[in-house]
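The structure appears right after this line, and notes come after that.
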Amino acid sequence: MSIALYRVDDRLIHGQVVVGWGQPLDAGFIVLVDDEVRASAWEQDLYRMGVPPHIEVVFASVTEAVRGLAGWETEPRVGILLTGDIDTMQALAAGSDRVRKVNLGGIHHRTGRSERLRYVYLTDDEAAKLRALARGGVDVTAQDVPTARAVPLGEFL
Amino acid sequence: MSEPLRGVIVSHAALAQALVSAVHAITGVDGALTAVSNDGCDSGALSARIGEAVGAGPAVLFVDLPGGSCLTSAVRLAAGKAALAVVTGVNLAMLLDFVFHRGVTPAEAARRAADAGGKAIRVPAA
């Protein structure tokens with residue numbers, strides 16, 4: 001198997017990821033790519049608390065993730081890769097041709113962002129970065145939970 | 001402690017508000033509990049929402065799940081603050097006990113709530 005879900009979600013590991021996606025995918029590992037979390041043992045403990053013991057959690061910096069992607073893609077277990085923002089996912093896609101599909105799962109309201117979907121708020125700059133990802137051949141859709149429809153980028157940008 | 005201990009319930013969707021309503025319906029106690037939902041929040045916005053609900057006084061943060069956005073936001077807010085304590089797995093039984101036992105420290109109230117909530121989980125003979 002490989003990484004079944006490349007997801008941008010500013011809550012990182014939470015119920016929708018572990019239960020909503022993790023159960024139907026039968027996920028065996030989660031890769032959380034975030035430079036700040038990678039540097040904080042306390043933050044890592046906090047995120048581990050929400051994950052059942054049979055799912056391994058790997059904390060990686062962006063640099064480590066770019067190096068690790070090839071290995072994770074050949075894992076026999078199913079994996080989920082998470083980033084907290086579009087910049088981080090864009091950096092991964094720029095550093096590796098393994099990122100072919102990106103799921104926008106939760107990008108919430110913040111000053112400067114406008115609502116595109118109930119769970120996707122974007123600045124113009126973030127929207128432009130998503131368009132650039134799509135132009136580069138990455139299939140970008142928004143879908144908070146597996147039972148919802150995957151909304152193509154063109155429908156909300 | 002000079003200010004009465006308050007409870008802030010932090011949950012997914014409308015669970016927290018439903019628990020506040022249920023406690024009020026059973027006890028008639030008002031003002032001891034505040035509901036916070038994570039709807040539409042990233043973790044920073046949720047921490048701000050919890051902080052607003054907590055205010056200046058001591059509080060116990062009752063979180064629905066032992067992991068996820070509600071917990072991470074609550075723990076970030078409470079880290080290093082003796083006036084705040086966090087309990088996970090909130091249920092009605094622990095809240096009913098809490099509203100009548102608020103003359104203790106947040107840490108003591110959290111331990112008591114966890115005990116009361118755990119004792120309420122049973123499998124009765126059918």
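From the list B:G44, B:G118, B:G40, exactly one residue is part of a loop (DSSP other than H, G, I, E, B), out of contact with any helix residue (DSSP H, G or I) (no Cβ under 6 Å at 6 or more places or on another chain) and of a type outside the set (F, W, Y). Which is it?
Matching residue, one of B:G44, B:G118, B:G40: B:G40.
Would you say A:V66 is free of Cβ contacts under 8 Å to residues at least 40 places away in the same chain, touching a helix residue (DSSP H, G or I) at 6+ places or on another chain (Cβ under 7 Å), surrounded by 15 or more Cβ atoms within 10 Å (Cβ to Cβ) and more than 14 Å from every other protein chain (Cβ to nearest Cβ)?
Yes; evaluated as a whole, the condition is true for this residue.
Going by the conditions given, is A:Y47 in a strand (DSSP E or B), surrounded by 15 or more Cβ atoms within 10 Å (Cβ to Cβ) and within 14 Å of another protein chain (Cβ to nearest Cβ)? Give the steps one after another, and end with the answer.
Working: in a strand (DSSP E or B): no; surrounded by 15 or more Cβ atoms within 10 Å (Cβ to Cβ): yes; within 14 Å of another protein chain (Cβ to nearest Cβ): yes.
Taking the combined requirement at face value, the residue does not satisfy it.
Any idea which residue in region A:7-37 is nearest to the other protein chains (Cβ to nearest Cβ), counting only those that are surrounded by fewer than 19 Cβ atoms within 10 Å (Cβ to Cβ) and assigned to a helix (DSSP H, G or I)?
Result: A:V19.
Looking at (1) in a loop (DSSP other than H, G, I, E, B); (2) touching a strand residue (DSSP E or B) at 6+ places or on another chain (Cβ under 8 Å); (3) more than 12 Å from every other protein chain (Cβ to nearest Cβ); (4) not small (G, A, S), which is the one condition that is false for B:V29?
That leaves (2) as the condition not met.
Every residue, every condition in (1) within 14 Å of chain B (Cβ to nearest Cβ); (2) farther than 18 Å from A:I55 by Cα; (3) of a type outside the set (S, T, N, Q); (4) touching a helix residue (DSSP H, G or I) at 6+ places or on another chain (Cβ under 7 Å), yes or no:
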residue	(1), (2), (3), (4)
A:E73	no, no, yes, no
A:R77	no, no, yes, no
A:L82	yes, no, yes, yes
A:Q90	no, yes, no, yes
A:G95	no, yes, yes, yes
A:R98	no, yes, yes, yes
A:V102	no, yes, yes, yes
A:I107	yes, yes, yes, no
A:R110	yes, yes, yes, no
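Among B:V20, B:V36, B:V87, which is the only one that is within 14 Å of chain A (Cβ to nearest Cβ) and at pLDDT 95 or above?
B:V87
Does B:V86 count as free of Cβ contacts under 8 Å to residues at least 60 places away in the same chain, buried (at least 16 other Cβ atoms within 10 Å of the Cβ) and within 19 Å of B:T34 (Cα to Cα)?
Yes.
Against the condition surrounded by fewer than 17 Cβ atoms within 10 Å (Cβ to Cβ), within 14 Å of another protein chain (Cβ to nearest Cβ) and of a type outside the set (S, T, N, Q), how does B:G80 come out, does it pass?
Yes.
Does region B:110-121 contain at least one residue that is under 27 Å from A:V18 (Cβ atoms), within 14 Å of chain A (Cβ to nearest Cβ) and under 12 Å from the mean Cα position of the chain (by Cα)?
no
Scan region B:1-26 for residues that are in a loop (DSSP other than H, G, I, E, B) and over 22 Å from B:V104 (Cβ atoms) and jot them down.
Across region B:1-26, the qualifying residues are B:H12, B:A13, B:A14.
Would you be able to tell me the number of residues in region A:115-128 that are within 14 Å of another protein chain (Cβ to nearest Cβ), over 18 Å from A:L12 (Cα atoms) and either of a type in the set (F, W, Y) or exposed (fewer than 14 other Cβ atoms within 10 Å of the Cβ) (or both)?
Number of matching residues: 1.
The values are calculated or read from the model by the stated rules, or taken from the named source; none is laboratory data. Keep in mind that this is a model prediction, so the values were computed, not measured. Counting neighbours? That spans all protein chains shown, and the Cβs are built from the backbone with ideal geometry, glycine included.
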